[in-house]
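Down below is the structure, laid out as structure tokens.
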Amino acid sequence: MISERVQELLTEIENSTVSTKEQLEAFRMRYISRKGVVTELFDQLKTIPQEDRRAVGQELNTLKNAAQDRFQLFSTQLEEQSDNGAASQVDLTLPAVPNQYGSIHPLTIVRRRIIEIFERMGFNVSDGPEIETDWYNFSALNFPDNHPAREMQDTFFVEKSAGEVKDDVLLRTHTSNVQIRLMEHKKPPLRSIMPGRVFRNEAISARAHCVFHQVEGLYVDKNVSFKDLKDTLYHFAKEMFGQDSKIRLRPSYFPFTEPSAEIDVTCFICKGKGCNVCKYSGWVEIAGSGMVDPQVLANCGIDPEEYTGFAFGMGIERITMLRYGIKDLRLFTENDVRFLRQFEGA
């Protein structure tokens, strides 16, 4: 009796057709579900004599596989029909979905702008290693042996083995190392800027970080004067902060320049009237600068009797904070999308 019923159901399954989801569900309920006819036949298997049970079981497995294969075929056919129907309903006359542009990091925006300004003044861009030796980072730049910047609290020194510090290898604390390498390997005239990442062993806060970015500049040629330095930075300030900007030079000290000066620019928020950003002075500091010390030129194989030059350096984070009114340095490295999206399309 079971064998005859199996043959009837096989014929019924082979001749069945499905064109809707409702018919597919009805097929599943009749042949595949736990209450379907195939399951009922498996329940009757225990009434079959032991010697015939193996043969009948094989017939039931054939019936079960045939039902599952047929169900899978019907499911595939209905999915293909659904996809073709959805495609035919697409309105090709509708406008395309616009491209979604990502945000440009504010440091990248300002770095590109700085490079653009100085390239128009004839400066090219130079680069150098971030892991540096003491000579290029300190000694060639006239840093005395007892200078505070050489101490561990300011500089990251590289360890050659566990607990053993290699004193002459460190992470560069400024991009001035690129200036030394440039003067060593090329002859004047030299006119270049050096943007890059630098490292200082400082506590991270709203106004300080252990990793930040600088851009330094160098111009070495015959008869380069302090006026050339002043005019260069004055033009930069007007291009970066507005044509009504003015600069102020304050005497300062750097081991590698003499004379040296800090560069202030009129506060572009209050236009020099005084506000909390400029501490009510009307000025904000943007850079350090000076004439290249003759000894530095000599250290690099350049005759200081024939050539002179000026150098300057500024923090890209500092310029960015002033340009966009950002008050916390940590925002540049925290990757907060709420902060970064403000510069979308800039």
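The values are calculated or read from the model by the stated rules, or taken from the named source; none is laboratory data. All of these numbers come straight from a predicted model, not from anything done at the bench. Glycine also receives a Cβ, built like all others from the backbone with ideal geometry; neighbour counts cover every protein chain displayed.
Laid out as a table, the results:
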| quantity | calculated |
| --- | --- |
| Single residue of the stretch 255-290 satisfying the filter (of a type in the set (Ser, Thr, Tyr) and touching a Phe, Trp or Tyr at 6+ places or on another chain (Cβ under 6 Å)) that is surrounded by the fewest Cβ atoms within 10 Å (Cβ to Cβ) | Ser260 |
| Filtered residues of the stretch 9-65 (kept if in a helix (DSSP H, G or I), polar (S, T, N, Q) and under 20 Å from Gln77 (Cβ atoms)) | Asn15, Gln23, Asn65 |
| Single unsatisfied condition, Leu170 versus (1) under 28 Å from the mean Cα position of the chain (by Cα); (2) modelled with pLDDT of 85 or more; (3) under 30 Å from Gly242 (Cα atoms) | (3) |
| Verdict on Phe254 being in contact with a helix residue (DSSP H, G or I) (Cβ under 9 Å, 6 or more places away or on another chain) and at pLDDT 85 or above | yes |
| One residue from Arg111, Arg28 being in contact (Cβ under 8 Å) with a residue 12 or more places away in the chain and in contact with a Pro (Cβ under 7 Å, 6 or more places away or on another chain) | Arg111 |
| Pairs where the first residue, in the stretch 72-94, is in the same structural domain as Gln23 (by TED's automatic domain parsing) and the second is at pLDDT 70 or above, C-beta under 6 Å, 6+ apart | Phe74/Val18; Phe74/Leu24 |
| Cross-chain or 6+ apart pairs with Cβ under 6 Å, the stretch 231-255 first and on the phi > 0 side of the Ramachandran plot, then crowded, with 16+ Cβ neighbours inside 10 Å | Gly242/Phe268 |
| Residue in the stretch 179-193 that is within 22 Å of the chain's Cα centre (by Cα) and either at pLDDT below 95 or of a type in the set (Gly, Ala, Ser) (or both) present | no |
| Any hit, the stretch 148-156, residues being part of a loop (DSSP other than H, G, I, E, B), crowded, with 19+ Cβ neighbours inside 10 Å and over 27 Å from the mean Cα position of the chain (by Cα) | no |
